[in-house]
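S.K.: Take this structure, written in structure tokens, and hold onto it; I'll ask about it next.
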């Protein structure tokens, strides 16, 4: 796969709330009259790891990282009021969106942005307002990096995690190609694979805050599988008892098997100098015991055994 990160701009219009919260973008393959629309076709150019700027209500309010390429997907039920406007046959891309702490108004920076906009199918009009005829625009690298700077999210520029994205995409395509699974279960499994949908919602009910740090802001928590996705059957992948909400740095330690928990909630740490030092730097050395769900004990048994605690 080409490892160069690409940049895109999506004009959500009325779909912003659903697409951001559910973690996807979707477009029909053609217009209602059967004619092609380049801003719909642009979905087929997105690769895992590419960045997508989210524009709605005159603001760039989120930046997302693509977790899949475009795949066939019928129009979501949430868009059923668009019958007659969009055909059902379309493409979907799964995206991990992060809302900006301070949304930006491109119109305020139009002098910097305007010279770098695409000559055709631009996401903005000349006056700096959104172009309603454009859904997904492809941006050149210079504009993409400028926007990341304005959004204060240059940390998203990376080529180091493409292997992870390839694995996620492979799993998603495998789910979608399994004929034995009903469509509702396919959708649930895909959302669980990218930490969205039913799985995340149910795990949040069990763990409304990270048990280690106490962080309760959902946007800062990861729905982590205790028994990893790759080791699970489909039932285990969707079981919220196989999940735990963790702050990102705690999730990284847990996912790599550097820490685990007893069934009584005692935090276990690998006897490794680098791990112990990292725990100290992260301020996690004072954590002795946390609260874990009783229904998670079997999965925690697996985690401790697998990582040899």
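S.K.: Just to be sure, is residue 190 touching a helix residue (DSSP H, G or I) at 6+ places or on another chain (Cβ under 6 Å), crowded, with 21+ Cβ neighbours inside 10 Å, touching a residue at least 60 places away in the same chain (Cβ under 8 Å) and under 16 Å from residue 95 (Cβ atoms)?
M.R.: So residue 190 passes the test.
Each row is one residue, and each column tells you yes or no for (1) in contact with a helix residue (DSSP H, G or I) (Cβ under 9 Å, 6 or more places away or on another chain); (2) farther than 16 Å from residue 190 by Cβ; (3) modelled with pLDDT under 85; (4) assigned to a strand (DSSP E or B).
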| position | (1), (2), (3), (4) |
| --- | --- |
| 8 | yes, yes, no, yes |
| 14 | yes, yes, yes, no |
| 20 | no, yes, no, no |
| 25 | yes, no, no, yes |
| 34 | no, yes, yes, no |
| 55 | yes, yes, no, yes |
| 72 | yes, no, no, yes |
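S.K.: Mind checking which residues of region 197-210 are in a loop (DSSP other than H, G, I, E, B) and buried (at least 22 other Cβ atoms within 10 Å of the Cβ)?
M.R.: Within region 197-210, 207, 210 qualify.
S.K.: Another one. Residues of region 99-136 being in contact with a helix residue (DSSP H, G or I) (Cβ under 7 Å, 6 or more places away or on another chain), touching a residue at least 24 places away in the same chain (Cβ under 8 Å), surrounded by 15 or more Cβ atoms within 10 Å (Cβ to Cβ) and in a strand (DSSP E or B), which ones?
M.R.: 100, 104, 136
The values are calculated or read from the model by the stated rules, or taken from the named source; none is laboratory data. Computed from a predicted structure; not experimentally measured. Glycine also receives a Cβ, built like all others from the backbone with ideal geometry; neighbour counts cover every protein chain displayed.
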